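Coordinate-derived values only; no laboratory data. Note that the structure is predicted; figures quoted are calculated from it, not measured. Cβ coordinates were reconstructed from backbone atoms using ideal geometry, including for glycine residues, and neighbour counts include every protein chain displayed.
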Amino acid sequence: MSGAPAALHPGTRGVRNRKAAAGISRGDRREPGKVQSTMAGAVTAEFAVALPAVLLLLALLLSGAAAGVTQLRLEEAALAGGRALARGEDPAAAEGIVRALAGTSATVSVAADGEWLHVTVADRAGGPLASTLPWTLTAKASARREMPTAAGPPRPGPLLQERTPVTNLKTVACLERVAAYLNTVAA
């Protein structure tokens, strides 16, 4: 054996300090049966870096959900406003119905194009990022006027000589498809 101290040769019998032979310093005192990590500070740093990304993702998800709910609310309000106009109510009453369903911050526009009435409702999306992301959501609805106007009754089709007022917009669309089919079959 050379003249080196026994601590440098862990395989020898003359080891005085087994911890020193294993390379464990005096500052790292481990108790038997207790696991301690020297990486505890690294986990805290990784958490500090990942937390803002997770919070941003959560804010985006919540903003998307709020935008979806707002869009559904605007669609329902536009449909209700279109139905009210088609029944012959005045535009101010239809705007009141739309504002009751869409909220007071929504903007409403009503336009008439012949016998078709159009309602457009717009509002900003809500959620945690509403002030940061300027999402403006819009919903449009169109309905055919059910009551005759001062210009006269609607023109009858070749096979349908009379049109009666129908309050359900889906029924109107179905009747128009049946009339178009009957016109093509008769021709």
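When each of the peptides 120-127, 54-61 is scored by the mean number of other C-beta atoms lying within 10 Å of its residues, the order from highest to lowest reads 120-127, 54-61. Couplings for region 103-111, taken from phi via the Karplus curve 6.51 cos²θ - 1.76 cosθ + 1.60 with θ = phi - 60°, read x, 6, 7, 6, 9, 10, 10, 10, 9 Hz in order; Gly and Pro are left as x.
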